[in-house]
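Working notes, beginning with the structure itself.
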Amino acid sequence: MEILTAKTAGFCFGVKRAVDFVYGETKSGEKPIYTFGPIIHNKEVVKEMEEMGVSVLPEEVPSEGNGTVIIRSHGVSREVYEGLERAGYKVCDATCPFVKKIHRIVSEKSAEGYNILIAGDPVHPEVKGIIGWSRGPVMAISEPDDIDRIPEDFLRKTCLVAQTTFNYNKFQLFVAKLQKKGYDISVYNSICNATKERQAEARQLSSQTDCMIVVGDVGSSNTQKLFEICKSECPNTHLVQTADDLDVSWLAGAKRVGITAGASTPHKIIEEVQTKCQI
Ligand code: F3S
């Protein structure tokens, strides 16, 4: 039996950077250390960090506190950032540089008088953070049809950005629809390639395998998306959080087994799954 693991499986650049950031802080000796919300969607990693003395702050700004707060790769609004500092925390920013760039664009373009339109999920923490960097009117929508419900005044001078994990084809529909309306639209394709590449590789790999294992947290939306893609190509696709969830009977008779993993899955867990598949 051949086992093929996707090259893009596991942490993306921004998530790895944020996780390394937390481990780095634990070595500094300064205490207490918090992350603003769980650093990644992976219970194993969060538990390991807790054992190293890193606690998770609920995603709201306390009126006072002390210690270090690490901002995760999704980023936060300017208000949260300043609120944490005001409350007395030392803020360490592990926001992914690609997300940071969106914050900068939104801040600058809104200061120039553009209304900000975000193609993304309005309740996702990354989008909530982006909203909070606008200096003027801002809204987030996830479907191209939602554009029809936006007041004309808003669209007269608009800057369009995207959540980093937004679907590229959908984003193009956004652009086409806005251009058709003929307003002054400034477009920034801020979609990150890491997600696109991971999904493309998962699709390709699952089309060539008899059994596909997706490793990731059930609460992680990018893991769920990978599972759907793989399932559509390979019906014998299974989602596992750790090697313990893997039922070796799924592999029975398979000549080729594929493994991929969500952006919040540590390498160690992927390796454990690989090892169990080989037994
Ligand atoms: Fe950053 Fe892209 Fe990952 S925006 S957090 S490298 S998916």
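Here are the numbers:
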{"item": "Proximal aspartates and glutamates relative to Lys231, as straight alpha-carbon distance under 15 Å, when same-chain residues fewer than 8 apart are discounted", "result": "Glu201, Asp210"}
{"item": "17 Å Cα cut-off, lysine pairs counted over the range 147-229 (separation 8 or more, or different chains)", "result": "7"}
{"item": "Square roots of 5 times each gyration tensor eigenvalue, C-alpha, the chain, largest first, Å", "result": "35, 28, 12"}
{"item": "For Val76, net neighbour charge (Lys/Arg +1, Asp/Glu -1) across residues whose Cβ lies under 13 Å away", "result": "-3"}
{"item": "Residue-count net charge about Phe98 - beta-carbon cut-off 14 Å; Lys, Arg +1, Asp, Glu -1", "result": "+4"}
{"item": "The range 128-188 - Rg (one decimal) and Dmax (whole number), Cα, Å", "result": "11.2, 29"}
{"item": "Acute angle (nearest 10 degrees) that the helix 267-278 long axis makes with the longest principal axis of the chain, alpha-carbon atoms", "result": "30"}
{"item": "Helix 78-87 axis, angle to the chain major axis (alpha carbon atoms, nearest 10°)", "result": "90"}
{"item": "Semi-axis lengths (Å, descending) of the ellipsoid that matches the C-alpha gyration tensor of the range 1-128", "result": "26, 23, 12"}
{"item": "14 Å beta-carbon shell around Thr8, net charge (K/R +1, D/E -1)", "result": "+4"}
{"item": "Angle between the chain longest axis and helix 97-111 axis [Cα atoms, degrees, rounded to 10]", "result": "20"}
{"item": "Protection-proxy order for peptides 237-250, 106-119, each taking the mean of Cβ atoms within 10 Å per residue, highest first", "result": "106-119, 237-250"}
{"item": "Separation of alpha-carbon centers, the range 177-208 and the range 1-68, rounded to whole Å", "result": "27"}
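Any read-out appearing in this document is the output of simple, stated calculations on the displayed coordinates, not a laboratory observation. What you see is a predicted model; the values in this text were computed from it and never measured. Here the Cβ is made from the backbone with ideal geometry for all residues, glycine too, and neighbour counts use every protein chain on show.
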